[in-house]
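Presented below is the structure to which this report refers.
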Amino acid sequence: LPALAILVLGLVGWELAVNAFGIQKFLLPKPSEILTAFWEQRSVLWPAGWYTFTEAFWGFVVGVSFGIAAALVLARFRPLGSALMPYFIAASAIPIIAFAPIANAWFGIEKNSKIFIAALLCFFPVLVNTLRGLTSVKPQQVELMRSYAAGSAAVFRRVRIPTSLPYVFTSLKVASVLAMIGAIVGEYFGGSQEQLGIQIKNSAALFQFETAWAAILVACILGIGFYLA
């Protein structure tokens with residue numbers, strides 16, 4: 001209820017501010033105009049949104065899978081983790097908007113490049129959080145398992161992995177949002193006209209700013225739904 005109240009007050013204040021201060025449409029359209037475009041263009045925006053969501057979803061799946069697998073390997077072989085972590089950090093520090101054209105050259109301008117960009121954004125937070133969870137086990141727990149003659153695999157299965165689950169699911173929440181961001185940013189550099197990023201870019205270029213904001217609203221709804229799931 002508090003969140004809903006803030007949303008209503010924010011939209012009302014937004015509408016009143018645009019009218020009171022004469023804010024131009026290219027700076028900030030009225031919420032009523034955005035909602036009108038959202039409804040009138042629904043047959044275009046929602047298919048485009050779903051197209052982008054599939055890119056984000058598969059990028060999420062790929063990035064999360066590689067992130068968890070890498071964390072398991074690095075937690076098991078600590079010297080390898082110390083050697084590879086600087087390179088993972090360097091890869092995560094690359095501005096994704098600069099990397100998108102290169103991804104298009106590698107994978108083409110259709111879905112694969114957007115999936116790769118989304119996966120790249122998801123990979124590092126999942127890796128770091130999962131690795132932290134796997135290595136945050138109390139020494140007493142490991143000692144207890146050793147006293148029961150448990151091997152490394154048993155320690156991972158019964159102690160390290162259960163301990164890491166809260167960290168893993170926290171990273172999944174972060175990755176779900178980053179996946180949508182990565183897919184849309186990648187679409188700004190070319191692709192099918194069905195993509196949501198292309199719809200936003202083209203609408204803004206044609207000064208149809210209320211339609212561009214409506215497309216952003218679709219992306220927000222899908223991103224929030226993915227986060228909640």
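The values are calculated or read from the model by the stated rules, or taken from the named source; none is laboratory data. Everything numeric in this text was worked out from a predicted model, so none of it was measured. FYI the Cβ positions are ideal-geometry reconstructions off the backbone, even for glycines, and counts take in every protein chain you see. The accessibility values were calculated without ligands, DNA or RNA, using every heavy atom of the protein model including side chains. Shrake-Rupley method; radii C 1.70, N 1.55, O 1.52, S 1.80 Å.
Taking the range 206-216, which residues are part of a helix (DSSP H, G or I) and either in contact with a Phe, Trp or Tyr (Cβ under 9 Å, 6 or more places away or on another chain) or open to solvent by 20 Å² or more (accessible area, probe 1.4 Å) (or both)?
Once the filter is applied, which keeps residues that are part of a helix (DSSP H, G or I) and either in contact with a Phe, Trp or Tyr (Cβ under 9 Å, 6 or more places away or on another chain) or open to solvent by 20 Å² or more (accessible area, probe 1.4 Å) (or both), the range 206-216 yields F209, E210, T211, W213, A214, A215, I216.
Looking at the range 140-187, which of its residues are modelled with pLDDT of 80 or more, open to solvent by 70 Å² or more (accessible area, probe 1.4 Å) and not charged (D, E, K, R)?
Selection gives L165, P166, F169, T170, I181.
Restricted to the range 144-167, and to residues that are part of a helix (DSSP H, G or I) and of a type in the set (F, W, Y), which residue is nearest to L127 (Cα to Cα)?
Within the range 144-167, the match that is nearest to L127 (Cα to Cα) is Y167.
Is it the case, given these coordinates, that V137 is more than 21 Å from E55 (Cα to Cα), in a helix (DSSP H, G or I) and open to solvent by less than 30 Å² (accessible area, probe 1.4 Å)?
Considered against the rule, which asks whether it is more than 21 Å from E55 (Cα to Cα), in a helix (DSSP H, G or I) and open to solvent by less than 30 Å² (accessible area, probe 1.4 Å), V137 comes out as no.
So if I check each of A75, A48, A56, A71, which one is open to solvent by less than 30 Å² (accessible area, probe 1.4 Å), at pLDDT 85 or above, more than 26 Å from Q193 (Cβ to Cβ) and in a helix (DSSP H, G or I)?
A71
How many residues does the range 101-115 contain that are assigned to a helix (DSSP H, G or I) and under 17 Å from Y51 (Cβ atoms)?
Matching residues across the range 101-115 total 7.
Here's the yes/no breakdown for (1) in contact with a Leu (Cβ under 9 Å, 6 or more places away or on another chain); (2) of a type in the set (D, E, K, R):
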residue: V44; (1), (2): no, no
residue: G63; (1), (2): yes, no
residue: E110; (1), (2): no, yes
residue: L131; (1), (2): yes, no
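Please verify whether S203 is touching a residue at least 24 places away in the same chain (Cβ under 8 Å), buried (at least 21 other Cβ atoms within 10 Å of the Cβ) and either among the small types (G, A, S) or outside any helix (DSSP H, G or I) (or both), treating the condition exactly as stated.
Criteria not met by S203.
Please enumerate the residues belonging to the range 78-108 that are open to solvent by 70 Å² or more (accessible area, probe 1.4 Å) and among the polar types (S, T, N, Q).
S82
State which residue is nearest to E187 (Cα to Cα) when the search covers only the range 109-125 and only residues that are out of contact with any Phe, Trp or Tyr (no Cβ under 8 Å at 6 or more places or on another chain) and open to solvent by less than 50 Å² (accessible area, probe 1.4 Å).
K114
I'd like the full set of residues that are surrounded by 22 or more Cβ atoms within 10 Å (Cβ to Cβ) and of a type in the set (G, A, S), limited to the range 59-68.
Selection gives G59, G63, G67.
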